[in-house]
1. So how do Met134, Met59, Met64 line up by other beta-carbon neighbours within 10 Å, fewest first?
2. Given R₀ = 22 Å, FRET efficiency for Leu56-Arg6 by Cβ-Cβ distance, to 0.05?
3. Going by how many other Cβ atoms sit within 10 Å of their own, how do Leu55, Leu171 line up, fewest first?
4. Treat each spin label as a single point 7 Å out from the Cα along the C-beta direction, and report the Glu97 to Arg170 distance in nm.
5. Rounded to the nearest 0.05, what FRET efficiency do Ala116 and Glu198 have when you use their Cβ-Cβ distance and R0 = 45 Å?
6. Please give the length that would be gained between Ile16 and Leu177 if that part of the chain were fully extended, namely 0.36 nm times their separation in residues minus their C-alpha to C-alpha distance (nm, one decimal).
7. How many percent of all Cα-Cα pairs in region 1-136 sit more than 19 Å apart?
8. As a footprinting exposure proxy, order Ser15, Ser166 by other Cβ within 10 Å, with the fewest listed first.
Amino acid sequence: MNDDYRNRLNEEIGSILTSGETILAVATQNVINSPINRDSAVVTSRRLIIYRPRLLGRMDLDDMLWQDVTDVRLSSKLLGAVIQVTAKKKLPTGAVEAVQRRIDGLDRTAARKLYAVAQEIEEQWREKNRVRQMEEERARAGGVYLSGQNLPNLNPGQSGTSTAASVEDRLRKLKSLHEQGLITDAEYESRKSQIIAEL
């Protein structure tokens with residue numbers, strides 16, 4: 001990748017990064033495949049971005065949050081490597097569908113590095129999702145009380161239901177912020193512990 005292209009890519013991707021988000025790996029198409037506008041796959045700490053530059057300084061960006069990515073595949077072809085990404089997309093109706101994005105003709109060495117980083121992040125998210133699913137199942141089974149029904153009333157003469165409902169709402173909102181990637185894992189766990197401690 002020449003310096004002009006690298007600088008343009010870093011500038012354009014850098015302009016859309018959120019607070020604390022960093023670029024971890026980049027794989028760009030070979031000059032053979034696209035001599036002028038070369039597509040790139042970019043892995044950041046929060047998402048996988050497909051960057052497609054267009055004529056006259058325009059560009060198309062397609063990004064998928066890691067929490068929505070279900071699979072990243074690498075294959076090697078005659079003219080370069082291929083990265084294919086599958087992710088969940090929530091439709092306006094509330095249904096979820098799988099979407100696939102593919103980028104061909106990538107530099108093989110850069111694509112392998114990007115794939116290795118992507119696999120590591122995918123593994124981390126699988127573990128996070130597994131832990132979250134266990135917590136939700138435990139809550140459904142009664143291991144964690146999210147409503148005031150089964151909690152002892154610590155203040156005789158007062159009902160704890162409204163406080164517990166408030167805590168439940170706050171936990172639900174906090175979880176939503178975390179799932180949207182608006183707060184970090186550490187912030188989520190810290191705030192969750194504080195809210196639960198109020199019970």
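None of the figures in this text is laboratory data; all of them are computed from the coordinates on show. These numbers come from a predicted model, not from an experiment. Methodologically, a virtual Cβ is constructed for each residue, glycine included, from the backbone with ideal geometry; neighbour enumeration extends over all protein chains shown.
1. Final ranking by Cβ density, sparse to dense: Met134, Met59, Met64.
2. Values: r = 20 Å, r/R0 = 0.92.
After rounding to 0.05, the efficiency reads 0.60.
3. Result, fewest neighbours first: Leu55, Leu171.
4. For Glu97 paired with Arg170, the spin-label model returns 4.0 nm.
5. Numbers: r = 43 Å, r/R0 = 0.95.
Here the calculated transfer efficiency is 0.60.
6. 56.0 nm
7. 52 percent
8. Ordered by Cβ neighbours within 10 Å, fewest first: Ser15, Ser166.
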